[in-house]
Structure formats: C-alpha cells, structure tokens
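Before any comments, here is the structure.
Nothing in this text is a laboratory measurement; each read-out follows from the coordinates by a stated rule. These numbers come from a predicted model, not from an experiment. All Cβ positions, even for glycine, are placed from backbone atoms using ideal geometry, and neighbour counts span all protein chains on display.
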Amino acid sequence: MVVEQMLVGPMAVFCYLVACPQTGEAVLIDPAGDEQRILQVLTERKWRPVYLINTHGHPDHTCGNHILAQQTGVKIIMHEADARLFDNAPARQMAAQMGFRPSPGVDRTVKDRDRIQFGQESLQVIHTPGHTPGSICLFGKNNLFTGDTLFVGAVGRTDLPGGSFEVLLDSLQHKIASLPDETIVWPGHDYGDQPRSTVGWEKKTNPYLTDFF
C-alpha cells in the first residue's frame with residue numbers, strides 16, 4: 001500500500017491517494033480542491049483511480065468530487081448516514097453558498113466493517129460518528145485515515161448540524177484507542193505540529209484522549 005499525502009484547497013485539507021503497487025489501482029480520499037494537481041500526480045505515478053471515498057459529507061472535503069468523478073470515472077463512496085444528510089438540495093445549496101462546488105450523488109454507501117477493495121489492497125471502514133453522523137475512518141496495513149474524527153493533537157468540531165461531542169468521545173475511546181499503538185494516523189487537516197502521527201502518540205499527548213478516559 002502506497003500513500004501520497006497532499007495538502008489541497010483553501011482549508012488545509014489533506015487529500016490522500018492510496019495505491020496498490022502491484023496493480024496501480026488507487027483510491028482518492030477527500031479530494032478537497034486542486035483537482036488538476038491531483039490528476040497530475042495520478043498520471044505521474046501511473047495510478048488508475050477506481051474509488052473516491054469521503055470520510056464525511058462536509059463540503060470542504062467533497063468539493064473536488066464533481067471534477068474528479070467526471071474526469072476519471074471513479075465511483076463516489078460515503079457512509080450511508082452522511083449520504084442521507086448531505087445528498088439533498090438544501091445541503092448542496094449551502095455548499096454553494098460557502099463557495100464550494102456541491103458533490104454529485106453518492107454511487108455506493110458503506111457501513112461499519114465494510115471493506116473497500118482496490119487491486120490487491122483494501123481499506124476497512126470504521127464508523128466513527130461525532131463530527132458528523134456518518135463520519136468514517138479507513139484502516140489498512142497499519143494506516144488509519146481519520147478525516148475530521150482525529151487530528152494531530154486535536155479532534156474535529158462537533159457544533160455543526162449532526163455533531164455530538166459525547167458521541168465523538170465514544171468513537172475515540174471504542175474505535176480508535178483500541179487500535180495498535182503503531183498505527184499511523186493520517187489526519188483530515190493540517191492542523192497539528194506535524195502532518196501525521198500514531199495512535200500511541202495521540203493516546204499519550206492528545207487532550208481529547210488523555211483527559212477523558
């Protein structure tokens with residue numbers, strides 16, 4: 001499994017290109033702008049994207065969906081709860097008002113423990129509600145793509161519609177903290193003092209993991 005971390009868009013979002021080195025098939029995680037640069041990297045690496053996965057439905061993470069789906073033919077994947085919450089006219093209108101291009105409809109919904117296969121690799125869906133009802137993390141080969149559930153030294157906000165601080169803490173305790181300490185944390189935003197971390201480091205230093213459990 002090869003991971004390419006890219007800082008994209010106006011809100012310091014990390015997009016991830018995750019590829020199978022044997023077949024060249026790849027998935028795009030949260031392509032939040034700079035679509036032409038993403039396409040250039042795919043071309044340079046000779047990777048063929050098959051899925052576009054959103055860790056949640058907020059428009060700062062989905063604003064690149066339209067162009068990339070149109071130009072590559074990837075299928076858009078999101079948790080079923082966020083697909084229901086964000087795939088409607090009011091949500092698309094709100095995204096446009098915020099200056100983001102609304103996402104097209106979701107092609108495939110997933111739930112906890114589902115697997116997304118690409119080439120000889122796969123990512124397991126871990127449902128981690130709290131930031132949004134359908135927030136997910138993606139786990140594969142010691143890599144954890146956490147979206148806005150967990151940042152380096154912080155967590156995602158819970159004051160937006162569908163958010164819940166109590167639910168987020170439950171997700172952190174029962175879904176994230178139980179993973180092996182050496183698991184690499186790939187966050188959804190560049191908000192920390194480093195671009196990646198580990199579950200073990202976050203358990204030792206992140207106040208949302210040290211102060212509540």
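Miscellaneous remarks
- Some residue of the stretch 43-61 being part of a helix (DSSP H, G or I), of a type in the set (A, V, I, L, M, F, W, C) and buried (at least 21 other Cβ atoms within 10 Å of the Cβ): no
- Flag for residue 109 being in contact with a Gly (Cβ under 6 Å, 6 or more places away or on another chain), of a type in the set (S, T, N, Q) and under 20 Å from residue 148 (Cβ atoms): no
- Close pairs (8 angstrom Cβ cut-off, 6 or more residues apart or separate chains): under 15 Å from residue 201 (Cβ atoms) in the stretch 143-154, charged (D, E, K, R) and crowded, with 22+ Cβ neighbours inside 10 Å anywhere: 150/202; 152/202; 153/202
- Remark: residue 64 matches the filter, which requires a residue to be of a type in the set (Gly, Ala, Ser), closer than 20 Å to residue 6 by Cβ and buried (at least 23 other Cβ atoms within 10 Å of the Cβ).
- Hits in the stretch 92-106 (condition: surrounded by fewer than 20 Cβ atoms within 10 Å (Cβ to Cβ), touching a residue at least 24 places away in the same chain (Cβ under 8 Å) and assigned to a helix (DSSP H, G or I)): 94
For every residue, the table says whether it meets (1) in contact with a Lys or Arg (Cβ under 8 Å, 6 or more places away or on another chain); (2) surrounded by fewer than 18 Cβ atoms within 10 Å (Cβ to Cβ); (3) outside any loop (DSSP other than H, G, I, E, B).
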| position | (1), (2), (3) |
| --- | --- |
| 109 | no, yes, yes |
| 122 | yes, yes, yes |
| 131 | yes, no, no |
| 145 | no, no, yes |
| 160 | no, yes, no |
| 166 | no, yes, yes |
| 174 | no, yes, yes |
